[in-house]
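Remarks on the structure that follows.
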Amino acid sequence: QVQLVESGGGLVQPGGSLRLSCRASRSFFSFNAMGWYRQSSGKERDLVARILAGGTTQYGDSVKGRFTISRDNAKNTVYLQMDRLKPEDTALYYCYANTARVYWGQGTQVTVSS
């Protein structure tokens with residue numbers, strides 16, 4: 001079992017920045033991948049960014065060049081630095097971890113609005 005606890009969401013103006021954090025309840029050295037998906041009203045859950053076991057990072061097309069995923073192995077935590085935010089980034093952001101199965105966090109709301 002893995003519990004994932006997200007934090008860092010909120011309201012920000014267009015062009016602003018936020019950093020999301022996701023802490024896993026155990027070491028993620030055995031994880032295949034860890035990262036973030038997002039879901040806005042009426043839409044499917046889409047990949048935002050993920051970091052694979054070897055350290056390779058992957059991003060959704062809409063966030064490339066604006067978002068950065070990183071991890072702190074000592075803290076079992078993955079971060080998502082979001083810069084140059086746009087209104088279309090507004091969504092519920094879910095942390096996930098892929099081991100033998102997929103675990104999801106409870107979600108944290110990000111709202112980009114003036």
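The values are calculated or read from the model by the stated rules, or taken from the named source; none is laboratory data. For clarity, every value in this text was computed on a predicted model and none was experimentally measured. Note that each Cβ is placed from the backbone with ideal geometry, even for glycine, and that neighbours are counted across all protein chains shown. Protein only, heavy atoms only, side chains kept; ligands, DNA and RNA dropped before computing areas. Shrake-Rupley method; radii C 1.70, N 1.55, O 1.52, S 1.80 Å.
Going by Cα centres, the range 57-114 and the range 10-26 are how many Å apart? First find each Cα centre; the distance between them is then 7 Å. Based on C-alpha pairs under 8 angstrom that are at least 6 apart in sequence, the chain has a relative contact order of 37 percent.
Between A53 and V5, the contour length at 0.36 nm per residue exceeds the Cα-Cα span by 15.3 nm. Shown are T56, T108, whose ranking by accessible area with a 1.4 Å probe and every protein chain present, most to least, is T56, T108. Near F31: Cβ cut-off under 12 Å, other residues only, Lys/Arg at +1 and Asp/Glu at -1. The net charge is +4. Taking the Cα centre of the chain as origin and assigning +1 to Lys and Arg Cβ atoms and -1 to Asp and Glu Cβ atoms, the resulting dipole is close to 200 debye.
Per-atom-type breakdown for the chain gives carbon and sulfur 45% of the accessible area (1.4 Å probe, protein chains only). Our estimate of slack between S25 and W104, defined as 0.36 nm per intervening residue step minus the Cα-Cα distance, is 27.2 nm. Model label points for S40 and S114, set 7 angstrom from Cα along the Cα-to-Cβ axis, are 1.7 nm apart. Per residue, the chain exposes 53 Å² of accessible surface when a 1.4 Å probe is rolled over the protein heavy atoms with every protein chain present.
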